[in-house]
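A short worksheet on the structure shown next.
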Amino acid sequence: MLSHLNEKQIQRLITRYYEGEKTTLLINEYEINARPNELYKLFPPQQEKTICFYCQVPLITVWQSRSSYLKTASKCPNCGHQDKVDCNCNNCAKRRSLTKLQQEQEKRDKINQYYKLDRQKPKLLGEISLRDQVYLAALLRAGVDENLSIILPVDSYLDQLSPTLDLTKEIVLSLANKNIICVHPKSPISAFKDDSDFPNVYYVYKVYYYVNVDAAIESLMNPTPSSFKQDTEFCYAIWRGISLEEIKQYLLYRLEKVGFPFTIGEKTTAVLDDLLNHFSTGQVQSLIYRAVGDATRYFQENKITKQHAANIVISSLQRMGERSVSSNWTINSFKRNYDLPQTAISQVTFDRILGIGRDGFELCPNMDLFLEGPSDLEE
């Protein structure tokens, strides 16, 4: 303790300590009962000119060891407030919390105003294309809440909506860009880009949506097949389109299994699309399995890159398909892979709208099936 020293002596002691004089000599000279490495702890705090924002008293600075490289921030002797931006005293924590709540409320008010439920005129069912009706039915089946009032963020069921990210993107953007679905004002604030244009820009997979169609949600989720089957070209096109995406999904799945990096481009899409002229989705998957297996063995036996091996898969797949057609070979059909369950767009299209069930996977896409009698699902 330094109670036996006057203020002038204490100031002199502090000066001599930080000028580098030996601590043991200072302790003996000033008759201080302390260990040499703890002397600085006995020094009274230094009063600063800065006033506490909350208590209106001068801040103080605690002395540090002269060997320390740390600089102690000034703080209030009453509330602990420190003279720095990231102060964590109770008062600053409460102030930041209130500021955050105010900012969030301001953002919420902007969202509610900008995305009012009645800002877009509802669409009539007759104004919506057959394809968008299929997209909407799939989206509702995958993402509508139990009250049939809000479509949950696509991020939460990304793999359940469609076989590929490309098709998922097409589904959401097609519906959103035509105002068939609209951003719901209850969407989380984090779903909008935090910039000067807030909340104009949003993340399409993170917002909530509501259906902007003048029709019952139940009927939109379970469309009447007859309205689709009148257009056989559409039925064939939607079947073929979904089959192509399911094949792409399986190709990437098999290549990932063997560690071959690959991005599907126009060339690969053309090869896969041509195979659908002759084979079912299950048969093409069978060809993919063989092609990946052959490329894997070739990779292991020869010094080639994984990218080269992946490219070999596509060339091999094309050769096998063409040879199978010219030689009239029978290609066994795979069943759906356990790791790749049927998605909402596939279910609503094959099982409900087209009424072909497993044939959507096991038969080559064709128009003949739509010339038969009406589906049992007709209303």
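The values are calculated or read from the model by the stated rules, or taken from the named source; none is laboratory data. Please read all numbers here as calculations on a predicted model, not as lab measurements. Cβ atoms come from the backbone with ideal geometry, glycine included; neighbour counts cover every protein chain shown. Protein only, heavy atoms only, side chains kept; ligands, DNA and RNA dropped before computing areas. Shrake-Rupley method; radii C 1.70, N 1.55, O 1.52, S 1.80 Å.
Remarks
- Residue match in the range 316-330 (condition: under 33 Å from the mean Cα position of the chain (by Cα), of a type in the set (S, T, N, Q) and at pLDDT below 95): no
- Count of the range 166-210 residues which are more than 29 Å from Leu130 (Cα to Cα) and among the aromatic types (Phe, Trp, Tyr): 2
- Residue match in the range 174-194 (condition: of a type in the set (Phe, Trp, Tyr), farther than 20 Å from Tyr250 by Cα and touching a residue at least 12 places away in the same chain (Cβ under 8 Å)): yes
- Every residue from the range 45-56 that is modelled with pLDDT under 90 and either more than 23 Å from Glu7 (Cβ to Cβ) or touching a Phe, Trp or Tyr at 6+ places or on another chain (Cβ under 9 Å) (or both): Pro45, Gln46
- Neighbours by Cβ (under 6 Å, 6+ apart or cross-chain): first from the range 198-224, open to solvent by 50 Å² or more (accessible area, probe 1.4 Å); second part of a loop (DSSP other than H, G, I, E, B) and not charged (D, E, K, R): Lys206/Pro153; Tyr208/Ile150; Tyr208/His184; Tyr208/Ser187; Asp214/Pro122; Asp214/Leu124
- Top-ranked residue of the range 214-227 - restricted to ones that are part of a helix (DSSP H, G or I) and at pLDDT 95 or above, ranked as farthest from the chain's Cα centre (by Cα): Ser219
- Count of the range 132-156 residues which are in contact (Cβ under 8 Å) with a residue 12 or more places away in the chain and open to solvent by 10 Å² or more (accessible area, probe 1.4 Å): 11
- Hits in the range 1-44 - residues which are in a loop (DSSP other than H, G, I, E, B), farther than 22 Å from Leu59 by Cβ and touching a Phe, Trp or Tyr at 6+ places or on another chain (Cβ under 9 Å): His4, Leu5
- All conditions in (1) outside any loop (DSSP other than H, G, I, E, B); (2) open to solvent by 90 Å² or more (accessible area, probe 1.4 Å); (3) touching a residue at least 24 places away in the same chain (Cβ under 8 Å) hold for Glu48, with the sole exception of (2).
- Taking the range 242-346 as the region of interest, the helices (runs of 4 or more DSSP H) fully inside it that hold 2 or more residues being under 30 Å from Pro223 (Cβ atoms) and open to solvent by less than 10 Å² (accessible area, probe 1.4 Å) are 266-275, 281-301.
- Selection status of Ser65, more than 26 Å from Asp351 (Cα to Cα) and more than 31 Å from the chain's Cα centre (by Cα): yes
- On inspection, Lys169 fails the criterion of being basic (Lys, Arg), outside any loop (DSSP other than H, G, I, E, B) and touching a residue at least 40 places away in the same chain (Cβ under 8 Å).
- For Gly357: the one exception among (1) in contact with a helix residue (DSSP H, G or I) (Cβ under 7 Å, 6 or more places away or on another chain); (2) surrounded by 22 or more Cβ atoms within 10 Å (Cβ to Cβ): (2)
- Options Leu42, Leu117, Leu59: the member that is in contact with a strand residue (DSSP E or B) (Cβ under 8 Å, 6 or more places away or on another chain) and either under 22 Å from Glu7 (Cβ atoms) or polar (S, T, N, Q) (or both): Leu59
- Close Cβ contacts (under 9 Å, 6 or more residues apart or on different chains) running from residues in the range 266-293 that are free of Cβ contacts under 8 Å to residues at least 12 places away in the same chain to residues that are of a type in the set (Asp, Glu) and open to solvent by 10 Å² or more (accessible area, probe 1.4 Å) are absent.
- Cβ separations smaller than 7 Å between residues 6+ apart or across chains give the following pairs from the range 334-357 residues that are under 22 Å from Leu251 (Cα atoms) to residues that are in a loop (DSSP other than H, G, I, E, B) and of a type in the set (Lys, Arg): Gln342/Arg336.
- Boolean, Tyr54 is surrounded by 15 or more Cβ atoms within 10 Å (Cβ to Cβ) and assigned to a loop (DSSP other than H, G, I, E, B): yes
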